[in-house]
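Contents: one structure, followed by commentary.
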Amino acid sequence: MHRPFDESVRPHPTGDVPGPWYGGGELDPAQVDPVVLGALLDRHGWRRRGGAAGRYARWTPPGHAAGGTSLLVPESLSFPDCEDLLGEALTALARSAAPSAREVLVGLTVPSDEIRWWRDVPQGPSGAASWTVQEQLRAAARQMLMAAALAARGRAGYYGARHRRQAQAALEGVLVGPAPGGRSLTAFVPVQTGRAVVVRLYHALQAARDAADYQRATGGMEAFDAAVEAGVSRELTEAVIALVRGAEGARIALEWSPAAGVPQGCAPRNEPVEFSPGDLPALREAGARYLTDEPSVPVRITGTVVRMRRSGPRGAGTVRLRVLAGAEVPHVRVALDEDAYRTAGHAHLVGLPIRVVGRLESRGGFRRLTDASNVVPVQVDDAERDRLMKSLQENLDFFEEACQGE
């Protein structure tokens, strides 16, 4: 089971006027680039309906007639009244009930690349989606973002528990806004902290699409093997499967922040990448292949003992370590012989971590260390030792039982 990362994706705000969520107050018109504003309006379906040539453009919301509410957006900052026009446009956007207005404000306040997911599912009453359908969409989107963040850390066919803390940290600033009807979802990934994630997703989705086409045409899986270098992994194939399962099809579209420009090696305009139920067999086979082919990793781990277990007062046992260094996983289980088990117990009792050499096994998600050897206590500074000793005192009864055997 993969841990959810809801805490890494903040919900789209509610309310009529920008508040602290938008960066501590209202947008300053002097800091808004009208070219960026125009690009965002165009992206989100606003229609340009003329204006004074070379001075300003008139924009109306999606679906509105020519006589409806409109924005006057200056063509540049070179005219005396441009800040007044921008201020009026920002106020109108903040007060607008149109979801697209919110998305434009997000892009202005936090320069973000946008990822949009669609699932082709039957509509419910008045075009709404069921609770289950909406949850499936959100869960699949979370999985896909996490897969991209993992791939941004390094390429692998299967990550398991590796790199998850770092990947979650890369998604801290992501904002999300559902579209009406519940059949689509948009994530706003800040360029400053998350562009590497979006770029990796861009390449990975293209590679997964090409590999699925190749497998369906030839029956061969070689393209999926090569796609690992582009960022495709078991985690990504599982995310795509979750997005498509129960739907007639799914699409993922990426749009680059107009304020930051197009990243190197990426197309300025991207057609949505589409997957259908016919792609599921190839994706499932690829995921299984990635799981079995990912090799174990030789490591030298430093960690603190958080659990000890053995069947009697003597003999070999198993310890659980909270990893401090040597592997990008939070915890590992290690089987130790009697002498090494005793060393681990003594190190914990005096408030010291241990160092152990072994192989991090892919089976079980890289949560188990095998062939353990060279178990030794590690010296730490006084502050860290005091913290470890405090942890021991809080769990003293448990460790007395563990060291004596069960």
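The values are calculated or read from the model by the stated rules, or taken from the named source; none is laboratory data. These numbers come from a predicted model, not from an experiment. A quick note on method: Cβ atoms are made from the backbone with ideal geometry, for glycine too, and the neighbour counts reach across all protein chains shown. Note: accessible area is taken over every heavy atom of the protein model, side chains too, but ligands, DNA and RNA are not part of it. Shrake-Rupley method; radii C 1.70, N 1.55, O 1.52, S 1.80 Å.
Results, tabulated for the structure shown:
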item	result
Long-range amide H partners of E328 with built H, under 5 Å	H163
Shape category assigned to segment 153-246 from the gyration tensor of Cα positions, a/c cut at 1.5	oblate
T91-R43 FRET efficiency (beta carbon distance; Förster radius 22 Å; 0.05 resolution)	0.60
Accessible surface, segment 200-296, averaged per residue in Å² (probe 1.4 Å)	44 Å²
Segment A169-Q31, length gained on full extension (0.36 nm per residue, minus Cα span)	46.8 nm
Net +/- balance of residues flanking C266 in space, Cβ distance below 12 Å, scoring K and R +1, D and E -1	+1
Heavy-atom accessible area per residue - segment 312-371, 1.4 Å, Å²	45 Å²
FRET E, pair D339, A288, Förster distance 30 Å, beta-carbon r, rounded to 0.05	0.15
Cα centroid of segment 264-321 to Cα centroid of segment 140-211, whole Å	16 Å
Rounded, prolate or oblate (a/c below 1.5 giving rounded, otherwise prolate when a/b exceeds b/c) for segment 308-372 by Cα gyration tensor	oblate
Table column - 3J(HN,Hα) (Hz), segment 328-343, Karplus curve with 6.51, -1.76, 1.60, x for Gly and Pro	8, 10, x, 9, 9, 9, 10, 8, 10, 6, 4, 5, 5, 4, 5, 4
Candidate residues H203, H163: accessible-area rank, largest first, probe 1.4 Å	H203, H163
Residue-span extension gain [M221 to N374] - 0.36 nm each, minus C-alpha spacing	51.0 nm
